[in-house]
Amino acid sequence: MKNFVTPLLFALITISGIYPQTPSVEIKYQGHASFLIKFDNGRTILTDYGISDVYKEYGYESPIAKLNLVPDIVTYSHKHQDHYGGVFPDSGSIKLIGPETVELDWIEIKTIPAYENSLTTADNFSYVFNYQGIRIIHLGDVQSLIMNVDDPIVRGKIIDLYKDKFDIVFVPIGFKSYIADKAASFALLINAKVIVPMHFWTNAEKEKFIDLMLIKNGSVKYQVEKSALFTYSKNKNEENTVVVLDLVR
Ligand SMILES: [Zn+2]
């Protein structure tokens, strides 16, 4: 797998005049829709840090691990409790709840309208993080697009909304009802090298998503990681890899 390298290797190549070393980011999965993204300039972004197991009484498991550091920026796709309201060490973190365009120390953050409960009215936000050419997208909740992925008009809308090339995409694969099969079709419409499933209520959902990804596209690779270290690469057309990140313990 070309995209993940040991920390010793990632400083070897320079991009002349732009940045002193090959940019890299490390990603840890905090659980449900929450990721901790650590940039090699020392900045950190925390996404969708919701309340752990908030809907467990309905049979939905969504553990979110405790955080021990103060993130520089916290992004929220929306204010549903599985995405918002988790308590973390906070000493003036910048909090974003879209629509936003923010730049901080080489990190550009932009939002794209996202559709959870309607195909026509956006009700949350996808976040795009661009760090010196490394493009990461956290889709937020886009389940209405996922559930209607077989509709040609909706497919066109998905491709139009997410037309850029991404290095990493975080894809929600669970909803009130089972959507893992459609989430796999949806994920293959997003032009991303690394596909990371999120927002699932059971491990069975996650495993089904992986199986379906492998069936739907024979060139997709699959790996499990404790955390992912991703370095900048000019080649945006490498093969898709589904990376399942273990929950931080
Ligand atoms: Zn949600």
Whether any residue in the range 111-123 is within 16 Å of the ligand (Cβ to nearest atom), within 28 Å of residue 206 (Cα to Cα) and of a type in the set (Phe, Trp, Tyr) is what I want to check.
yes
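Okay, residues lined up against (1) within 16 Å of the ligand (Cβ to nearest atom); (2) closer than 20 Å to residue 140 by Cα; (3) without any contact (Cβ under 8 Å) to a residue 24 or more places away in the chain:
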{"position": "40", "(1), (2), (3)": "no, no, no"}
{"position": "49", "(1), (2), (3)": "yes, yes, no"}
{"position": "71", "(1), (2), (3)": "no, yes, no"}
{"position": "76", "(1), (2), (3)": "yes, yes, no"}
{"position": "79", "(1), (2), (3)": "yes, yes, yes"}
{"position": "85", "(1), (2), (3)": "yes, yes, no"}
Checking residue 65 against (1) closer than 25 Å to residue 224 by Cα; (2) of a type in the set (A, V, I, L, M); (3) surrounded by 20 or more Cβ atoms within 10 Å (Cβ to Cβ), only one condition comes out false. Which one?
(3)
Any residue that is within 15 Å of the ligand (Cβ to nearest atom), touching a strand residue (DSSP E or B) at 6+ places or on another chain (Cβ under 6 Å) and among the small types (Gly, Ala, Ser) - is there at least one of those in the range 159-174?
no
Residue within the range 198-213 that is within 16 Å of the chain's Cα centre (by Cα), away from the ligand (no atom under 16 Å from the Cβ), surrounded by fewer than 16 Cβ atoms within 10 Å (Cβ to Cβ) and over 18 Å from residue 117 (Cα atoms) present:
no
Inside the range 69-86, the number of residues satisfying the requirement of being charged (D, E, K, R) and within 13 Å of residue 43 (Cβ to Cβ) is 1
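Values in this text are rule-based calculations from the coordinates and carry no lab data. Since the structure is predicted, the reported quantities are computational estimates derived from the model, not experimental observations. Note that we place each Cβ from the backbone using ideal geometry, even for glycine, and neighbour counts take in every protein chain shown.
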